Ligand SMILES: C[N+](C)(C)CCCC[C@H](N)C(=O)O
Ligand SMILES: O=C(O)CCC(=O)C(=O)O
Ligand SMILES: [Fe+2]
């Protein structure tokens, strides 16, 4: 079976990535060493507005964008008091009562607004800038999550400061700076934290809620083989994301090394979004395969008190279909399960694509190595940045937890950040 047909069956509603008009690459602006996503600004470049009623949609040209709004959509999103409760930000309108082939009886535009009168006399008013911000065409050009993708040089040159424990706990501005860096780079540090599990928990509560898993809430582990996983040994671990075997992998991972009396044990960090972007630029077909083919990850634990069987299914690269922006990477070769849902010819091509991504991720120039010390707490975006570790000797005690992603983004938004 051809790949195209497999895609059609699995994701018939999606356009092939190669056919999407504005590929991800063209939406990146490169400045010196830095790669940054566009931020769409609502401010229109030109305030002139043209509109045209087409058979199925209203075409609106405004602020340098040509936008298309379906009539049902325009009726459904009406912000009038009877259709929308602006106190609760919830829809009042019962969408099921809207005639699917509805068409405005009258249309008018002034300097700032579009006015539509519907056949029953109801009037909808949209500000043109609101329409520009909320149009499909506008969204296609903007990033959901502005970010700076990095290799080790880019990260080192950015000289991203760590937050300071005292300030972090008391000053919202320090928290905001920390979260801005975390959103941009997918990693951030707090220094000067007392080397205890309690203080580590306290520091995380500024950011989000703990995501309890079968490993507990806060964990504090050594190489004692207490659980059925290589993390609980002294062995090196290649770069990976954690909990790839959850339907929704944990959003954030927190590490605080409370003690290490021995050698080795450095932490490896790699920006998975940077590697994915390299694949997209070099071999878009491989990017597409990694974004389309669902893969299983599995955690089977069978040691004394701990019996767990977790399965998570999803592509290695999770992308928003309208703009190809990668929002989550599921990459863990240890926990990847049997591949049995893909025909053999596609399997081979998937392995080729996976190999290319792995090659990018393993390039030494993409690796950031840090030695975690007591007092230095590391937050990792587990949907983006891979972590690994060097083998070590001696007693090494690592504490930390997972955090819920929604609540971290909620904190960021409450401080005025785009998240
Ligand atoms: C972090 N902590 C030690 C609690 C758990 C480690 C989980 C390791 C697992 N192979 C995974 O990648 O998800
Ligand atoms: O020991 C470490 O530094 C990290 C181990 C690991 O990958 C994990 O706990 O998720
Ligand atoms: Fe891990």
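The values are calculated or read from the model by the stated rules, or taken from the named source; none is laboratory data. Fair warning: this is a prediction, and the values are worked out from it, not measured in the lab. Cβ placement follows ideal geometry from the backbone for every residue including glycine, while neighbour counts extend to all protein chains displayed.
Within the bounds of the stretch 378-397, is there any residue that is in the same structural domain as residue 156 (by TED's automatic domain parsing), within 16 Å of ligand 1 (Cβ to nearest atom), under 28 Å from residue 263 (Cα atoms) and assigned to a helix (DSSP H, G or I)? Checked against the condition, which is being in the same structural domain as residue 156 (by TED's automatic domain parsing), within 16 Å of ligand 1 (Cβ to nearest atom), under 28 Å from residue 263 (Cα atoms) and assigned to a helix (DSSP H, G or I), the stretch 378-397 yields no hits at all.
Residues in the stretch 178-188 include none that are surrounded by fewer than 16 Cβ atoms within 10 Å (Cβ to Cβ), out of contact with any helix residue (DSSP H, G or I) (no Cβ under 7 Å at 6 or more places or on another chain) and at pLDDT 95 or above.
A quick yes/no check of all residues on (1) within 14 Å of ligand 3 (Cβ to nearest atom); (2) in contact with a strand residue (DSSP E or B) (Cβ under 9 Å, 6 or more places away or on another chain):
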position: 333; (1), (2): yes, yes
position: 349; (1), (2): no, no
position: 362; (1), (2): no, yes
position: 365; (1), (2): no, no
position: 374; (1), (2): no, yes
position: 381; (1), (2): yes, yes
position: 385; (1), (2): yes, yes
position: 389; (1), (2): yes, yes
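Residues of the stretch 368-377 that are more than 16 Å from ligand 1 (Cβ to nearest atom) and touching a helix residue (DSSP H, G or I) at 6+ places or on another chain (Cβ under 6 Å): 368 alone. Here residue 299 does not qualify as within 16 Å of ligand 2 (Cβ to nearest atom) and assigned to a loop (DSSP other than H, G, I, E, B). In the stretch 365-384, is there at least one residue being without any contact (Cβ under 8 Å) to a residue 40 or more places away in the chain, within 28 Å of residue 285 (Cα to Cα), surrounded by 13 or more Cβ atoms within 10 Å (Cβ to Cβ) and over 15 Å from the mean Cα position of the chain (by Cα)? No; the residues of the stretch 365-384 include none that is without any contact (Cβ under 8 Å) to a residue 40 or more places away in the chain, within 28 Å of residue 285 (Cα to Cα), surrounded by 13 or more Cβ atoms within 10 Å (Cβ to Cβ) and over 15 Å from the mean Cα position of the chain (by Cα).
Across the stretch 335-360, what is the total count of residues that are outside any helix (DSSP H, G or I) and either over 22 Å from the mean Cα position of the chain (by Cα) or more than 26 Å from residue 309 (Cα to Cα) (or both)? Selection size over the stretch 335-360: 7. On the given criteria, is residue 95 modelled with pLDDT of 95 or more, over 30 Å from the mean Cα position of the chain (by Cα), in the same structural domain as residue 133 (by TED's automatic domain parsing) and closer than 21 Å to residue 136 by Cβ? Yes, satisfied. Residue-level check: of (1) touching a strand residue (DSSP E or B) at 6+ places or on another chain (Cβ under 6 Å); (2) within 16 Å of ligand 2 (Cβ to nearest atom), residue 313 misses just (2).
Of all the residues in the stretch 296-322, those that are within 16 Å of ligand 1 (Cβ to nearest atom) and closer than 18 Å to residue 273 by Cβ number 2. Residue 262 fulfils the conditions (1) within 13 Å of ligand 1 (Cβ to nearest atom); (2) touching a residue at least 24 places away in the same chain (Cβ under 8 Å); (3) under 22 Å from residue 371 (Cβ atoms) except for a single criterion, (1).
Taking the criterion of being out of contact with any helix residue (DSSP H, G or I) (no Cβ under 8 Å at 6 or more places or on another chain) and more than 16 Å from ligand 2 (Cβ to nearest atom), the residues of the stretch 322-344 that qualify are 327, 328, 337, 338, 340, 341, 344.
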